[in-house]
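One structure is given here, and the rest of the page talks about it.
Rule-based calculations on the coordinates, nothing more; no lab input. None of these values were measured; they are calculated from a predicted model. FYI the Cβ positions are ideal-geometry reconstructions off the backbone, even for glycines, and counts take in every protein chain you see.
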Amino acid sequence: MGNVVNFRRPKPSEKHAGKTLCRSGFHKWVVAQEKPFDVKQGKLVTVYRCERCGAMKNELR
């Protein structure tokens, strides 16, 4: 048996699943890299990554 090909088009809700929340500012932040040290400012940095869209943000502590 070979691969099964799906011939129906995905619904807009399936195609854009989870993107509308991020567009409205409701990201799902998860820690991507914990506690690297910023030498210039002398502080710990936590890097967050959104599970849905992949956006990144940094937080100094």
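Here are the numbers for this structure:
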| item | result |
| --- | --- |
| Some residue of segment 27-50 being in a strand (DSSP E or B), in contact with a His (Cβ under 7 Å, 6 or more places away or on another chain) and among the hydrophobic types (A, V, I, L, M, F, W, C) | yes |
| Boolean, Gln33 is exposed (fewer than 12 other Cβ atoms within 10 Å of the Cβ) and not aromatic (Phe, Trp, Tyr) | no |
